[in-house]
Amino acid sequence: MQHVKLARDRRKRKSRIKAAVFLLAILSIFIGIVLSVKDNAKTDPLAVSSDEVQYKPLNETQDTQTNSEFKDIQANENLTENSQSAEPDTANTEKSNSDEATSYDDDLQGKDDEVEQVNLDEKDEFADLPEDAKNAVNDLLDIADQAIRIKDQFSYTVVKGDTLKDVLEQSGLEDETSKTLIAAYPELKNLKAGQQFYWILDKDGELEYLNWLVSEKEERIYERTAEGKFKRQILQKKSVWKKEVLKGQIKGSFSSSLKAQGLNSKQIAQLGSALQWQISMKKLKQGDKFAVLVSREYLDNKLTGQGNVEAIHISSGGKSYYAIQSSNGRYYNRQGETLGKGFARYPMQRQARVSSPFNPARRHPVTGRIRPHNGVDFSMAIGTPVIAPADGVVEKVAYQANGAGRYIMIRHGREYQTVYMHLSRPLVRAGQSVKRGERIALSGNTGRSTGPHLHYEFHINGRPVNPLTVKLPGTSSQMSTAERKQFLIKAKEAERKLKI
Ligand SMILES: [Zn+2]
């Protein structure tokens, strides 16, 4: 753990420097704006990003729509229905374009011409300012520091069947990284349920540091060297692990209450992902009671920061909620069930042809620049029903005339989001809950699109991953008979220890 600390400290120092550079950059941008406004009102440096090179869309039919017609989603149906009812036209367009149906501007960073959005992010401990910050400059540095650190740090508990690729995909890393690591260190091929990973990405999104808690007695650390290889350290530990029950009441946010009980952010994250299919943390109220069974590492009577949350019991609104870890690494309720029904691979009833795959290195055909394709394009006739692949809440319904067209974003649990672009008509509103299999929209050809298709994205922790190969959450979560038997014994014991 000392190494983690060292890496963190180093990270912190680096982050501070970064934050200072960041502040300077903001200052110079500000000065730049002031000067350019003074100089020339025509160009706005913030509105146009450098790779936003204009090119002629291949299919301009939908560009006849004007912004004023998009004031109300319901009111503009006639437009999309026009394109739907124009059967012969649509059929022709499809014939000529469907093989290549795609878009090069469907990134979420684009400007929304119209948006209906709900904020589903829970208030968490990271948003809190450090209390002991002495002055305004220090405050600002600390906030920037935290924002940078949290953004690039990940932790994950292995569940049965996970490979290193599945672990690193939590941070959007490509398969290439796990291949490189496994080639050098084949031990990473055999992961066991319950093992923990903690890793840091550098500013380019590359893996910089990986900590693998192999067992209570051993930790392995892989650090990127200047040559782009990884060097390894193996730490045999002389620490002691203790099982403890922490009890508390919710005061402020759930995570700050857990923190007050001595859990660190890694363990809180572990709990957050364990509970996401059991109870919405937004439903928890002030004064709700909880008890956590945690196994933590001590070295010379001091907590090292390593630990594993084995079970939690929350009492809220007269009901008891449990999440108990099985030997397969997953969390279940007392009966051994998970509430999440898992994800379907495709967001439609019938499989469709892929007209453009997920590709982080895709090049724009006209500009030649790299424009990552953060999703997969399915060629489909306008008006094809799009269905929710899992239970969730609609986070956003929006429109981008020069990009994504009409699109929807859905949040599933805490870590997952899905995005649907170029729709002809959304069938849901922001804030609405949807069930797996429910119709959420009709596909279309809106925005910058070269033919009727659905652009589908899958995000984990805010990072796009390949929807066709990502390990889907909640699938194969059933326990074997032996596992289940063992689990039910463990559940009884946890229940006894976690009485509130
Ligand atoms: Zn696409």
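Take the residues in segment 361-388 that are out of contact with any Leu (no Cβ under 9 Å at 6 or more places or on another chain) and over 18 Å from GLY403 (Cβ atoms); name whichever of them is nearest to the ligand (Cβ to nearest atom).
Only one residue tops the list, namely ALA361.
I'd like to verify a number: residues in segment 330-381 that are within 20 Å of the chain's Cα centre (by Cα), closer than 22 Å to ALA269 by Cα and open to solvent by less than 30 Å² (accessible area, probe 1.4 Å), how many?
Result for segment 330-381: 4.
Can we say GLU227 is open to solvent by 30 Å² or more (accessible area, probe 1.4 Å) and under 24 Å from the mean Cα position of the chain (by Cα)?
Considered against the rule, which asks whether it is open to solvent by 30 Å² or more (accessible area, probe 1.4 Å) and under 24 Å from the mean Cα position of the chain (by Cα), GLU227 comes out as no.
Name the residues in segment 209-222 that are farther than 17 Å from ASN308 by Cα and in contact (Cβ under 8 Å) with a residue 40 or more places away in the chain, would you?
Of everything in segment 209-222, those that are farther than 17 Å from ASN308 by Cα and in contact (Cβ under 8 Å) with a residue 40 or more places away in the chain turn out to be TYR209, ILE221, TYR222.
Here are some residues: THR418, THR384, THR446. Which one is outside the structural domain of GLN270 (by TED's automatic domain parsing) and open to solvent by 20 Å² or more (accessible area, probe 1.4 Å)?
Result: THR384 is the single residue among THR418, THR384, THR446 that is outside the structural domain of GLN270 (by TED's automatic domain parsing) and open to solvent by 20 Å² or more (accessible area, probe 1.4 Å).
Conditions first: (1) within 26 Å of ASN119 (Cα to Cα); (2) more than 16 Å from the ligand (Cβ to nearest atom); (3) over 20 Å from the mean Cα position of the chain (by Cα). ARG463 passes all but one, so which condition is the exception?
Evaluating ARG463 over (1) within 26 Å of ASN119 (Cα to Cα); (2) more than 16 Å from the ligand (Cβ to nearest atom); (3) over 20 Å from the mean Cα position of the chain (by Cα) leaves (3) as the failure.
Take segment 236-261 and flag every residue that is over 20 Å from TYR322 (Cα atoms) and in contact with a strand residue (DSSP E or B) (Cβ under 9 Å, 6 or more places away or on another chain).
Once the filter is applied, which keeps residues that are over 20 Å from TYR322 (Cα atoms) and in contact with a strand residue (DSSP E or B) (Cβ under 9 Å, 6 or more places away or on another chain), segment 236-261 yields GLN236, LYS237, LYS238, SER239, VAL240, TRP241, LYS242, ALA260.
Looking for whichever is among the polar types (S, T, N, Q), open to solvent by less than 10 Å² (accessible area, probe 1.4 Å), more than 14 Å from the ligand (Cβ to nearest atom) and over 25 Å from SER480 (Cβ atoms) here; the options are GLN400, GLN306. Which one fits?
GLN306
Taking LYS485 as the residue in question, decide whether it is free of Cβ contacts under 8 Å to residues at least 60 places away in the same chain and either in contact with a Lys or Arg (Cβ under 6 Å, 6 or more places away or on another chain) or surrounded by fewer than 18 Cβ atoms within 10 Å (Cβ to Cβ) (or both).
Yes, satisfied.
Scanning for something open to solvent by 30 Å² or more (accessible area, probe 1.4 Å), within 16 Å of the ligand (Cβ to nearest atom) and either in the same structural domain as LYS165 (by TED's automatic domain parsing) or assigned to a strand (DSSP E or B) (or both), does segment 423-430 turn up at least one residue?
no
In segment 198-257, which residues are polar (S, T, N, Q), under 20 Å from ASP152 (Cα atoms) and out of contact with any Asp or Glu (no Cβ under 8 Å at 6 or more places or on another chain)?
The answer is THR225, and nothing else.
If you check HIS453, HIS412, which single one turns out to be more than 14 Å from the ligand (Cβ to nearest atom) and surrounded by 22 or more Cβ atoms within 10 Å (Cβ to Cβ)?
It is HIS412.
Got at least one residue in segment 332-355 being touching a Leu at 6+ places or on another chain (Cβ under 8 Å), within 16 Å of the ligand (Cβ to nearest atom), aromatic (Phe, Trp, Tyr) and outside the structural domain of GLU169 (by TED's automatic domain parsing)?
No, segment 332-355 contains no residue that is touching a Leu at 6+ places or on another chain (Cβ under 8 Å), within 16 Å of the ligand (Cβ to nearest atom), aromatic (Phe, Trp, Tyr) and outside the structural domain of GLU169 (by TED's automatic domain parsing).
The values are calculated or read from the model by the stated rules, or taken from the named source; none is laboratory data. Fair warning: this is a prediction, and the values are worked out from it, not measured in the lab. Positions of Cβ are generated from backbone atoms using ideal geometry, with glycine treated the same way; all protein chains shown enter the neighbour counts. These accessible areas exclude ligands, DNA and RNA; they are computed on the full protein's heavy atoms, side chains included. Shrake-Rupley method; radii C 1.70, N 1.55, O 1.52, S 1.80 Å.
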